[in-house]
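**Student:** Attaching a single structure in structure tokens format; questions to follow.
Taken together, the values in this text are just the output of simple stated rules run on the coordinates, not laboratory data. Since this is a predicted model, take the numbers as computed values, not measurements. Here the Cβ positions follow ideal geometry from the backbone for every residue, glycine too, while neighbour counts run over all protein chains shown.
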């Protein structure tokens, strides 16, 4: 009986389709719950930075607050401005939300726990993260509002600039790994926690994290929606579910970049000390803990830092991060070659 | 195999249709968005033949960078579409001629009429057997061993073009007050802040 079932799910296309669908749901549903609770954690962290309590009314410790917010957004009226381009106006939030979700297909949650273990995982992640800009720029244009358009232009320029340095960070990591497969990236970091790439590639880890802040439009790089000048940037004209999709997409992107950071620099599902009892804890839990750590730093920076001025942001991206990361690629390649540490698969 | 054939025809149809829409659509922003759709489906076609590296690079370079700049420019410019349409019939023969020439070149290169098989054979020799290794490494091996010098020259040409573009657009405006970040960062504490003991009700003068 079990053999029959196994046969059905591995050979027939219907069985395979069911398995793939189940895998997608297993990733997406916990991800959406994580997104909901990330908004809660965000607000709690800012609250404690500002010596406030944060959400504490709905449910115990305010734990039902995300669902109350979601329900409120669902029940509101969807307003499409009469001068907006209606089709693109509604497609834009979908683009943002979808690009934030489809990237999860290649993230390895554990040894072999990955929906699609492709050879070019890093490139896939980079390609998908470069698509996020379309949701924003289309939203800004379709809204037919000057605030939205200015916000979209700022965001597009910013995301394109910081993607360049993220690209170089990815190149250094894959120089040290010798493979574009994300599972291989994690396996290359096995051992004690100082073997993970965050220590040997510390400057690149810092650049990656700051660029991740810029990619997700978070403080100190939240100029695209800086409320003091641009109302709410490209989201100005959005309400109800389209707004919620933007919101969810943004938080999903944050979690995605934290997951990328954990896979590339914090050893993915590896335990920090490679001996029992630490190795008894499942890799999935270590991975989630690492993501949570990076997400906490996301909230922390938002509660702490003021906003950059736009020319300073561009200067940081092009005149500081680009030369530093480019130089670090050369240095890493030279050290690997001269020290004889070139990974074997080359 | 059937599924693959269906996928191929769907992707190919969408490439052709969206490429046509790039030319036909009235709104230039729609044109660029259809162009992006065409890039995407071309990448999907690459994936179908197993060229995953090319597919990803196509998305990263064309969709992630080039098309963003197109969209940027097209959204900022106030393009009068009806004036652009005026010369359509006048330029049609030239465009068609260029299209036919390019099409013939591709066909000859592919070895239709028995013309290009020799060259294809030569190219095939340079490529290592793709069966055993990933195509990222296959491309790397060909580019960095067989065609190393040509690859470097191509890089140099791009570098020169980039520097040229910067030099052409760089202009120094007099009388601009610039921010010198290093100077600001090196300013000592004594110049930046003063600690004042404020008496109650007295205020700071």
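**Student:** When region B:3-29 is examined, which residues are found to be surrounded by 11 or more Cβ atoms within 10 Å (Cβ to Cβ) and touching a residue at least 24 places away in the same chain (Cβ under 8 Å)?
**Tutor:** Matches in region B:3-29: B:7, B:8, B:11, B:12, B:14, B:15, B:27, B:28, B:29.
**Student:** Next up: Within region B:146-161, identify whether any single residue is under 24 Å from residue A:313 (Cα atoms) and either in contact with a strand residue (DSSP E or B) (Cβ under 8 Å, 6 or more places away or on another chain) or surrounded by 10 or more Cβ atoms within 10 Å (Cβ to Cβ) (or both), and answer yes or no. Show your work before the answer.
**Tutor:** In the first step, residues of region B:146-161 are kept if they are under 24 Å from residue A:313 (Cα atoms); the result is none.
Scanning region B:146-161 turns up no residue that is under 24 Å from residue A:313 (Cα atoms) and either in contact with a strand residue (DSSP E or B) (Cβ under 8 Å, 6 or more places away or on another chain) or surrounded by 10 or more Cβ atoms within 10 Å (Cβ to Cβ) (or both).
**Student:** Follow-up. For residue A:227, all conditions in the list (1) closer than 29 Å to residue A:309 by Cα; (2) surrounded by 24 or more Cβ atoms within 10 Å (Cβ to Cβ); (3) more than 14 Å from every other protein chain (Cβ to nearest Cβ) hold save one; what is the number of the exception?
**Tutor:** (2)
**Student:** How many residues does region B:1-40 hold that are under 30 Å from residue B:138 (Cα atoms) and not in a helix (DSSP H, G or I)?
**Tutor:** The total comes to 1.
**Student:** Only one residue in A:72, A:44 is crowded, with 16+ Cβ neighbours inside 10 Å and under 30 Å from residue A:303 (Cα atoms). Which one?
**Tutor:** From the options A:72, A:44, the qualifying one is A:44.
Condition check ((1) in contact (Cβ under 8 Å) with a residue 40 or more places away in the chain; (2) in a helix (DSSP H, G or I)) across all residues:
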position: A:237; (1), (2): yes, no
position: A:259; (1), (2): yes, yes
position: A:268; (1), (2): yes, no
position: A:298; (1), (2): yes, yes
position: A:319; (1), (2): no, yes
position: A:328; (1), (2): yes, yes
position: A:332; (1), (2): yes, yes
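**Student:** Now for a different question. I'd like the residue in region B:41-57 that is more than 9 Å from every other protein chain (Cβ to nearest Cβ) and in a helix (DSSP H, G or I) and, out of all such residues, is farthest from the chain's Cα centre (by Cα).
**Tutor:** Applying the first criterion (more than 9 Å from every other protein chain (Cβ to nearest Cβ)) to region B:41-57 yields B:41-42, B:44-51, B:54.
Next cut, in a helix (DSSP H, G or I) only: B:41-42, B:44-48, B:54.
Working: B:41: 15, B:42: 14, B:44: 17, B:45: 18, B:46: 16, B:47: 18, B:48: 21, B:54: 13 Å.
If we take residues in region B:41-57 being more than 9 Å from every other protein chain (Cβ to nearest Cβ) and in a helix (DSSP H, G or I), then B:48 is farthest from the chain's Cα centre (by Cα).
**Student:** Turning to a different aspect of this structure: Can you name the condition, by its number, that residue A:214 falls short on among (1) touching a residue at least 60 places away in the same chain (Cβ under 8 Å); (2) more than 30 Å from residue A:88 (Cβ to Cβ); (3) part of a helix (DSSP H, G or I)?
**Tutor:** Failed condition: (2).
**Student:** Which residues, taken from region A:305-346, are surrounded by 12 or more Cβ atoms within 10 Å (Cβ to Cβ), away from chain B (no Cβ under 13 Å) and within 14 Å of residue A:219 (Cβ to Cβ)?
**Tutor:** Matches in region A:305-346: A:305, A:307.
**Student:** Of all residues in region A:20-34, count the ones that are surrounded by 13 or more Cβ atoms within 10 Å (Cβ to Cβ) and without any contact (Cβ under 8 Å) to a residue 12 or more places away in the chain.
**Tutor:** Of the residues in that region, 1 qualify.
**Student:** Going through region A:62-85 one residue at a time, which ones are part of a helix (DSSP H, G or I), free of Cβ contacts under 8 Å to residues at least 40 places away in the same chain and within 24 Å of the chain's Cα centre (by Cα)?
**Tutor:** A:65, A:66, A:67, A:69
**Student:** Determine whether residue A:114 is more than 12 Å from chain B (Cβ to nearest Cβ), farther than 19 Å from residue A:254 by Cβ and surrounded by fewer than 23 Cβ atoms within 10 Å (Cβ to Cβ). Break it down into steps so the answer makes sense when it comes.
**Tutor:** On the way: more than 12 Å from chain B (Cβ to nearest Cβ): yes; farther than 19 Å from residue A:254 by Cβ: yes; surrounded by fewer than 23 Cβ atoms within 10 Å (Cβ to Cβ): yes.
Yes: the conditions hold for residue A:114.
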